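So the structure is just underneath, and the comments pick up after that.
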Amino acid sequence: MRNALQLSNGIIVTTDNSGAIGQKKLDVINVPDDVTSYFSARVTLLEQWAEGAIPEAIILHNFSDEEAWERYMNGIERLFEEIDIPVPRITGSTESNITTLQSGVAITMIGKCMNEVPPVQCLKWFTFGKPLVGDKLMAEPENIADMKCIFEAIQQDIIGRIWPVGSKGISKEFQILFGEESFECACNIYESAGPSTVVLVGIYEEKVQQAKQFFGKLLQPIVMNE
């Protein structure tokens, strides 16, 4: 799901969008608009962390209607309140000339790289969370990778790197990281993880036991096949 764009001076740009998910009658998935923006912002923020960056500004693209703007803002703000850091500056625009039949929103974050990420081969890799999408996403919140937990682990240097999983599943993201190496894990590696309900977590070998206690039962090892 690599959406990160690396610019000069350590600037990192990440983005995510959602279509036909929201409060309009013709939406394929009907959920409150603040839930849509929350999960879209979640994906975009995880992409920032994957690059060792912290967002400094957010651009909100609202294709739904003017009334949806505040609801989308509420979802973004809720995400940052959850991890207990200030909400970055937000700007953006709303499509107000044409009334759309389905909801549409995109969230872009502009951040600054704060830490260099170590090579993937230097870490022990785990899954955190389970693949969830659609109704499962709303029914099993306890199985979604917890954002505050991830952020605190990064701050405490328990983990060296993260890699969010998207709609193409764990298998595709693992292939991006490790090429054609085969592996096994407790999750279905082909199932969609929707808005990154699963995150691949790279942990320093000497901190594996600490990480297991910190993350709990949702942290499961990835075993490389010989």
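If a residue must be part of a helix (DSSP H, G or I) and of a type in the set (S, T, N, Q), how many such residues does region 67-94 contain? Total meeting the criteria: 1. Of the residues in region 190-200, not one is over 25 Å from residue 35 (Cβ atoms), crowded, with 16+ Cβ neighbours inside 10 Å and touching a strand residue (DSSP E or B) at 6+ places or on another chain (Cβ under 9 Å). In region 212-226, the residues that are of a type in the set (Lys, Arg) form Cβ pairs under 8 Å with partners that are at pLDDT 95 or above and buried (at least 16 other Cβ atoms within 10 Å of the Cβ), at six or more places apart or across chains, as follows: 212/219. In region 123-172, of all residues being outside any helix (DSSP H, G or I) and among the acidic types (Asp, Glu), the one that is farthest from residue 197 (Cα to Cα) corresponds to 157. Pairs are defined by a Cβ separation below 9 Å, a sequence spacing of at least 6 or placement on different chains, a first member in region 126-153 that is in contact (Cβ under 8 Å) with a residue 60 or more places away in the chain, and a second member that is among the basic types (Lys, Arg) and not in a loop (DSSP other than H, G, I, E, B); the pairs so defined are 126/212; 130/136; 143/136; 147/42. Kindly evaluate residue 110 against the criterion of being surrounded by 14 or more Cβ atoms within 10 Å (Cβ to Cβ) and in contact with an Asp or Glu (Cβ under 8 Å, 6 or more places away or on another chain). When the stated conditions are applied, residue 110 passes them. Here residue 128 passes the criteria (1) under 20 Å from residue 84 (Cα atoms); (2) touching a strand residue (DSSP E or B) at 6+ places or on another chain (Cβ under 6 Å) except the one numbered (1). Within region 7-24, none of the residues are in a strand (DSSP E or B), of a type outside the set (Ser, Thr, Tyr), free of Cβ contacts under 8 Å to residues at least 60 places away in the same chain and surrounded by fewer than 18 Cβ atoms within 10 Å (Cβ to Cβ).
Within region 117-132, if we keep just the residues that are more than 14 Å from the chain's Cα centre (by Cα) and among the β-branched types (Val, Ile, Thr), the residue that is nearest to residue 155 (Cα to Cα) turns out to be 117. Is it true that residue 52 is touching a Cys at 6+ places or on another chain (Cβ under 6 Å) and surrounded by 15 or more Cβ atoms within 10 Å (Cβ to Cβ)? Answer is yes for this residue. Scan region 168-176 and tell me whether some residue there is of a type in the set (Gly, Ala, Ser) and in contact (Cβ under 8 Å) with a residue 40 or more places away in the chain. Checked region 168-176: no residue is of a type in the set (Gly, Ala, Ser) and in contact (Cβ under 8 Å) with a residue 40 or more places away in the chain. Figure legend. Inter-residue proximity from region 66-87: first residues on the phi > 0 side of the Ramachandran plot, second residues part of a helix (DSSP H, G or I) and among the hydrophobic types (A, V, I, L, M, F, W, C), beta-carbon distance below 9 Å, spacing 6+ or different chains. Indicated pairs: 84/151.
The values are calculated or read from the model by the stated rules, or taken from the named source; none is laboratory data. Owing to the predicted nature of the structure, the values given are computational and were not obtained by experimental measurement. Heads up, the Cβs are rebuilt from the backbone with ideal geometry, glycines too, and the neighbour counts pull from every protein chain shown.
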